[in-house]
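Shown next, in structure tokens, is the structure this report addresses.
The values are calculated or read from the model by the stated rules, or taken from the named source; none is laboratory data. Worth saying up front: this structure is predicted, and the values here are computed from it rather than measured. We place every Cβ from the backbone using ideal geometry, glycine too, and count neighbours over all the protein chains shown.
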Amino acid sequence: MAAETGLYDGCNDALRDAFLAAGGQALWHETYKGTDIGQDFMDRFGCFCLIGEGGAFHSDRMRAWMVYMPPHLHYRWHHHPAEEMYLTVAGDALFMRAGCEPEVLYAGDTSTHASNQPHAMETGAHPIMAYVIWRNGFDMPPKLTDSLSALPETVPVIPAEVSPDPSALRGGQ
């Protein structure tokens, strides 16, 4: 993770460096173990808990994780009862939410998801590091939602000048 040059964009450097330093001692999660998300995703997606089960801190009101995705990785459509906020610490990615226009988030940008709102993410030429917070609904893990009717019919192609590679965009894979 530290070798990814796309994480060094000059924004949130102290926060990024603290998470990189903690990564070696963190308890990394395999959130989708036992699902059909695919081995490529399981091999390359990284997540460790900061607040909550397995994290350094406990809270009955929230959960927080550090998430890392390398370049060219698709985080399939999924949903969960917990409300969620992503804060992009470094890098960039295309964020997609059912009922909303897709948007590319850069370091310092946020995306929020309502309870059970299907969402997905795609990295392009750069990795992403994000601080992810959940509120309420902790008892249900994320569920893949590729077959739900709530998914948008198409995922629009984003401009070529942004990091996510438009040719890599896949709806529902």
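Within the range 92-110, count every residue that is farther than 18 Å from L73 by Cα and among the hydroxyl-bearing types (S, T, Y). The qualifying residues number 1. Over 12 Å from the mean Cα position of the chain (by Cα) and of a type in the set (A, V, I, L, M): does that describe L87? So L87 fails the test.
E30 meets all of the listed conditions (1) surrounded by fewer than 19 Cβ atoms within 10 Å (Cβ to Cβ); (2) of a type in the set (D, E); (3) in contact with a Ser or Thr (Cβ under 8 Å, 6 or more places away or on another chain) but one, namely (3).
Number of residues in the range 8-17 that are at pLDDT 75 or above and exposed (fewer than 13 other Cβ atoms within 10 Å of the Cβ) equals 1. Checking each residue in the range 81-132 for being β-branched (V, I, T) and under 16 Å from M69 (Cβ atoms) picks out T88, V89, V104, T123, I128, V132.
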